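J.: Here you go, one structure.
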Amino acid sequence: MSDGSMRLSDLEAQCLTAWQGMNPDFGYLSFSVIESRSSLPSHQIRRVTRALARKGLVAYARGLFTDMGEPAGAGYGLTASGQQHLSKLEKANG
């Protein structure tokens, strides 16, 4: 959906940084982890993350498991388009 030139709001760009160092389609994050990794205020996490999902930069999944095989609930993972956009943000910010 994204060609890497999609415009993001400052909040969306800040939220997307929560997935730095993660691979596309792997490493799903809960809202609480997104909050701690992005430093966005908690009252904005859901709205901004869902906006990234509508733009195709992250994808929702439920029924997730930890590396140890324990249930982990649901979360959002970086898509290939999201990785492309995140790479551009990282290059722009040095």
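J.: Taking the Cα centre of the chain as origin, sum charge times position over the Cβ atoms of Lys and Arg (+1) and Asp and Glu (-1), and report the length of that vector in debye to the nearest 20. List each step's numbers first, then the result.
T.: Values: 10 positive and 8 negative charges, 71 e Å.
Computed about the Cα centre, the dipole is about 340 debye.
J.: So, one more: Please give the helix 80-92 orientation as an angle from the longest Cα principal axis of the chain, in degrees from 0 to 90, rounded to the nearest 10.
T.: 50 degrees
J.: A follow-up question, please. Ser9 to Ser30: extension gain in nm, 0.36 nm per residue of separation minus the Cα-Cα distance?
T.: In short, 5.5 nm is gained.
J.: What list of ³J(HN,Hα) values in whole Hz, one per residue of region 63-78 in order, does the Karplus curve 6.51 cos²θ - 1.76 cosθ + 1.60 (θ = phi - 60°) give from phi, with Gly and Pro shown as x?
T.: With the stated coefficients, region 63-78 comes to x, 7, 10, 6, 4, 8, x, 8, x, 10, x, 10, x, 10, x, 6 Hz.
J.: By how many degrees, 0 to 90 and rounded to 10, does the Cα axis of helix 42-54 deviate from the longest principal axis of the chain?
T.: Between helix and principal axis, roughly 80 degrees.
J.: Select from Phe26, Leu52, Gly69 the residue farthest towards the positive end of the dipole of region 1-86; place +1 on Cβ of Lys and Arg, -1 on Cβ of Asp and Glu, and compute about the Cα centre.
T.: Leu52
J.: Between Ser42 and Phe65, what is the spin-label point distance in nm, taking each point 7 Å from the Cα along the Cα→C-beta axis?
T.: Modelled inter-label distance: 3.1 nm.
Where a number appears in this text, it was derived from the coordinates with a stated rule and is not lab data. Everything numeric in this text was worked out from a predicted model, so none of it was measured. In this analysis, Cβ positions are derived from the backbone assuming ideal geometry, glycine residues included, and neighbour counts consider all displayed protein chains.
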